[in-house]
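Participant: After the C-alpha cells below, expect a handful of questions from me.
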Amino acid sequence: MTSHIQHLFIINRAGSLIYSWEARSEPPEVEKTYEWPIDVHLEEVDQKAVVVFGEKDGIKLRYYVKSVNGEAVLGTRLQRGNQQVNVLEFLQEEDNYPVTVKFTAPTVSTNEKIILSSMFHSLFTIAVQLSPCQKSSGVEVLETTQFKLFCLQSRTGVKFVVITSAASNIAADSLLSKTYELYTDFALKNPFYSIDMPIRAQKFDEAIKSLLERAEKSNGAVTF
C-alpha cells in the first residue's frame, strides 16, 4: 500500500528541525530502453548521475541512474567487465546504444531535512511579512503537482508540517491539531525535555506512528 503521508516535521521557533518522521517504503524505480541519443539531461549531483531536465515517462527531476543494462551504477561509476567507466560519459557515446537504464527516486538525507526545514521557516516568515492581512497565519497550505504541504504554527511559534502526495485527501487540519496535542503531552509535559531541543522519546514516536497509521487507514475521512 502506497503511503499518502510522506513526511512530518516539527520545526522550532528558530527554524531548526526538532523532529521528523518519514514513510518507510521502497523508492519508486523506472526502467526504460533508449535509442541514441538519450532524451533526458543528466548531470553529476552529489556524486550521482541525476536527471536535471527532460522529465517524462515517469522519470522525474532528481531521479538518478541506478543501473545500465542490468549492471549496477555506484555513484557515477559503471562496472564494465574488469573496469569502471563514468556512466555520464558512457551514455554520451552513440556506439553504446541501445541501452536500458533504470532510474530510482531520491531519498531525503538528514542534512537535507535540516536545510529544508530552515528554508521553509524563512519562507513562512517572508509570507507573513508580505501578507496584506494583519496578523497573518503564514503558509498553511502549499500545493504542487508532486506533493501537498500543510502547516500549523502554534502560538509559541513551533511549526508542525505534514507533506502528502498530490492525490491525498487526508484531513490535514485534524491531523496537525492532534500532532500538536501529542507534542504537548509527550514533550512539553516531560520534565526532562528542554524547549526547542530535538525530541527523543519512544512514547512520542509510538504515538505519532499510531496517529499517522490511523490517518492513512481512514483515507482522509479521519476524525480525532
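No value in this document is a laboratory result; all are computed from the given coordinates. This structure is a prediction, so every number in the text was calculated from the model and none was measured. Here Cβ is always computed from backbone atoms with ideal geometry, including for glycine, and neighbour counts include all displayed protein chains.
Participant: Where does each of 78-90, 39-51 land if you order them by average Cβ count within 10 Å, highest first? Each step should come with its number before you reach the end.
Facilitator: On the way: 78-90: 14.4, 39-51: 16.8.
Ranking the peptides 78-90, 39-51 by packing returns 39-51, 78-90.
Participant: Return the sequence-ordered ³J(HN,Hα) values of the stretch 132-141 in whole Hz as given by the Karplus equation 6.51 cos²θ - 1.76 cosθ + 1.60 applied to θ = phi - 60°, using x for Gly and Pro.
Facilitator: Per residue, the Karplus-derived 3J(HN,Hα) values read x, 8, 5, 6, 4, 8, x, 7, 9, 9 Hz.
Participant: Also: Where does the charge balance sit around Asp46 when Lys and Arg score +1, Asp and Glu -1, over other residues with C-beta under 13 Å from its C-beta?
Facilitator: On the way: positive: Lys48, Arg62; negative: Glu43, Glu44, Glu112.
After counting each charged neighbour, the total is -1.
Participant: Still on this structure: Just to be sure I understand the model, the point goes 7 Å from the Cα along the line to the Cβ. What's the resulting Asn169 to Glu93 distance in nm?
Facilitator: Calculated label separation equals 5.3 nm.
Participant: Also, quick follow-up: Let me have the 222 nm mean residue ellipticity of the chain computed from DSSP H runs of 4+ only, each contributing -39500 (n - 2.57), with the sum over all residues rounded to the nearest 500. Walk me through the intermediate numbers first.
Facilitator: Values: 4 runs with 53 residues, N = 224.
After summing the helix terms and dividing by the residues of the chain, the value is -7500 deg cm²/dmol.
Participant: Next question, about the same structure. Find how much the distance from Thr107 to Arg24 grows on full extension, using 0.36 nm per residue of separation minus their present alpha carbon separation; answer in nm with one decimal.
Facilitator: Numbers: separation 83, 0.36 × 83 = 29.88 nm, distance 1.06 nm.
Computed gain between Thr107 and Arg24 is 28.8 nm.
Participant: With a cut-off of 8 Å between alpha carbons and a minimum separation of six or more residues, what is the relative contact order of the chain in percent? Don't skip to the answer; put the middle values down first.
Facilitator: On the way: 353 pairs, mean separation 50.3, N = 224.
Dividing the mean separation by the residue count of the chain yields 22 percent.
Participant: Given a 10 angstrom Cα cut-off, can you work out which residue in Ser118, Ser168, Ser131 is the most mobile in a GNM of the chain?
Facilitator: Residue with maximal mean-square fluctuation among Ser118, Ser168, Ser131: Ser131.
Participant: Measure out, as a whole number of angstrom, how far apart the alpha-carbon centroids of the stretch 122-164 and the stretch 52-89 sit.
Facilitator: 37 Å
Participant: Once you've got the Cα coordinates, tell me which of Lys102/Lys159; Lys60/Lys178; Lys60/Lys148 are over 26 Å apart.
Facilitator: Lys102/Lys159; Lys60/Lys178
Participant: Which three extents, in whole angstrom, do the alpha-carbon atoms of the stretch 155-201 cover along their principal axes, largest first?
Facilitator: 40, 21, 16
Participant: Among Ala171, Val40, His4, which residue has its Cα positioned farthest towards the positive end of the charge dipole of the chain, with +1 placed on the Cβ of Lys and Arg, -1 on the Cβ of Asp and Glu, and the dipole taken about the Cα centre?
Facilitator: Ala171
Participant: Given the alpha-carbon gyration tensor of the chain, what are the semi-axes of its equivalent ellipsoid in whole angstrom, ordered largest first, with each equal to the square root of 5 times an eigenvalue? Display every interim value, and only then the final one.
Facilitator: Numbers: eigenvalues 322, 69, 61 Å².
Each semi-axis is the square root of five times an eigenvalue, giving 40, 19, 18 Å.
Participant: Still on this model: Counting every Cα pair in the stretch 121-172, what percent are over 14 Å apart?
Facilitator: Here the tail beyond 14 Å accounts for 55 percent of pairs.
Participant: For the pair Val128/Tyr34, report the inter-label distance in nm, with labels modelled 7 Å from Cα in the Cβ direction.
Facilitator: About 4.6 nm, to one decimal.
Participant: Would you calculate the separation in nanometres between label points at Gln83 and Lys135, each defined as 7 Å from the Cα along the Cα-to-beta-carbon direction?
Facilitator: In this crude spin-label approximation the distance works out to 7.1 nm.
Participant: Classify the stretch 135-224 as rounded, prolate or oblate from the Cα gyration tensor: take a ≥ b ≥ c as the square roots of its eigenvalues, call it rounded if a/c is under 1.5, otherwise prolate when a/b beats b/c and oblate if not. Let's see the in-between values first.
Facilitator: Values: a/c = 2.20, a/b = 1.36, b/c = 1.61.
Note, shape of the stretch 135-224 comes out oblate.
Participant: Just name one of Asn111, Val52, Ser16: the one whose Cα is farthest towards the positive end of the charge dipole of the chain (beta-carbon charges, Lys/Arg +1, Asp/Glu -1).
Facilitator: So the residue we want is Ser16.
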